[in-house]
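The values are calculated or read from the model by the stated rules, or taken from the named source; none is laboratory data. This is a predicted model, so every value here is computed, not measured. Cβ atoms come from the backbone with ideal geometry, glycine included; neighbour counts cover every protein chain shown.
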Amino acid sequence: MLKKVLLGLFLFSLLLANAQTKSLTNEPPEKKAQRMAWFTNARFGMFIHWGLYALPARHEWIRNYERITTEQYQKYFDYFNPDLYDPRQWAKTAKSAGMKYAVLTAKHHEGFCLFDSKYTDYKATNTAAKRDLVKKFVEAFRAEGLKVGFYYSLIDWHHPDFTVDRHHPLRARKEDAANEKELAAYYAKLNQGKDMNRYRAYLKNQIVELLTNYGKIDILWLDFSYPGAHGKGRDDWGSVELLKTIKKLQPHIIINNRMDLNDYTDGFDFETPEQVKPLELLKYKGKYWETCQTFSGSWGYHRDETTWKTQKQLLDLLITSVANGGNLILNVGPTARGEFDCRARRALDSMAYWMHAHNKAIYNCTYAPDIFALPESMNVRLTYNPDTKRLYLHVFDYPDDRKLVLPGYKGKIKYAQLLNDASEVRCTESGTDIILNLPKEKPPYEVQVIELFTQ
């Protein structure tokens, strides 16, 4: 019996080790670091969720939330006419806000394609737009020197072969089944005649189009997997072969972690904590990651949504991301006419104002070495440029006495200055501490940044 137990444990350990070391590309860590370098230096990007859901303007998941049928949803396709679409203005706005890259929803869960795909008629070129909106986006953002990426939904509520599942607008209601057996029978009936093999081919063909017809693409966001009962995962998408195809077409590309390939060492390039609080970002420290966040409570244009983040909240997300070694991609949902609404423009303008003065504390920065740790009670964040050895102290609460004590910093700092104007911040010593004597008048920024020249 003992021998059997030991043999079982041995085999289990082999399986576990294999699960942790499976690889699809055998890319060495140093090669990945080189491939990811621009991403980790950029730190700040723009997400753009745009589709037919901009017309009802009630949320990008409106088909799901309101259980809208394909026939009922058709009116938004018929009336889609983005007459104010000017991606050149989008790109200029993103660049002004300090963003270094942008990712556009080429297709969201609704199945509508902003690009001219030969595999569907459900696309922008067949609407009053009469043009490939993705092509214009790519051209405009490249012209401003920004990296470009595509979001592509693995889900497709419009495709006739995409099977109804627990996230589908036509999903089962509580009254449709009393138990799992009845539920399985209900879904089986709904999905008669649907063929996920055909949908997988469609999915793959469209991704090949996106990675073939628009030149070099820097990021690919695939969204999302939900394995388990009446869900979908890697086998439904053909994720393994799909990833190999992607890497073959564009070996440099950076891919997110939503293909259900987390047990492969190279099944993804970066993690994607979504809509999390800044305090939750600490646990991603030491990884490649990007938190995706919205200005408000929805991704698509939501006319009546009111929970818009303040400038301080937005800055907290950006600064805390960098302070933990990650990126922030901040989403804009354009209107049905194709422009950023006034609330989004105001928020982007506020980011532009702050980033103009403080981008050195964001670009090429990461978390500070442990020797520079500060107590949480100070409500400050530290970012650090490992090339210049400069430390950036982000002050969220300006002290009434204009003094900031850095405990244990004696001998670690040569000089201090405000980053916005390079004016000296006088330093005095008290035991092992350094005291920063801040300006009499608080500089006109929501968050102050002090640049510290380290020893």
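Quick notes
- Scanning the stretch 206-234 for residues that are over 26 Å from Met46 (Cα atoms) and of a type outside the set (A, V, I, L, M) gives Pro227, Gly228, His230, Gly231, Lys232, Gly233, Arg234.
- Residue in the stretch 266-279 that is over 19 Å from the mean Cα position of the chain (by Cα), surrounded by 15 or more Cβ atoms within 10 Å (Cβ to Cβ), touching a residue at least 12 places away in the same chain (Cβ under 8 Å) and not in a strand (DSSP E or B) present: no
- Count of the stretch 1-32 residues which are at pLDDT below 70 and assigned to a loop (DSSP other than H, G, I, E, B): 1
- Within the stretch 119-149, the set of residues being under 19 Å from Tyr199 (Cβ atoms) and either polar (S, T, N, Q) or part of a strand (DSSP E or B) (or both) comprises Thr120, Lys123.
- The listed residues are Gln417, Gln448, and the only one of them that is under 30 Å from Ala37 (Cβ atoms), buried (at least 18 other Cβ atoms within 10 Å of the Cβ) and out of contact with any Leu (no Cβ under 6 Å at 6 or more places or on another chain) turns out to be Gln448.
- Selection status of Tyr76, in contact (Cβ under 8 Å) with a residue 60 or more places away in the chain, touching a helix residue (DSSP H, G or I) at 6+ places or on another chain (Cβ under 7 Å) and either assigned to a helix (DSSP H, G or I) or farther than 14 Å from Pro334 by Cα (or both): no
- Some residue of the stretch 33-56 being charged (D, E, K, R), at pLDDT 95 or above, within 18 Å of Ala344 (Cβ to Cβ) and not in a loop (DSSP other than H, G, I, E, B): no
- Verdict on Ala91 being touching a Lys or Arg at 6+ places or on another chain (Cβ under 9 Å), modelled with pLDDT of 95 or more and in the same structural domain as Tyr214 (by TED's automatic domain parsing): yes
- Some residue of the stretch 55-65 being out of contact with any Lys or Arg (no Cβ under 7 Å at 6 or more places or on another chain), more than 24 Å from Arg171 (Cβ to Cβ) and in the same structural domain as Ala128 (by TED's automatic domain parsing): no
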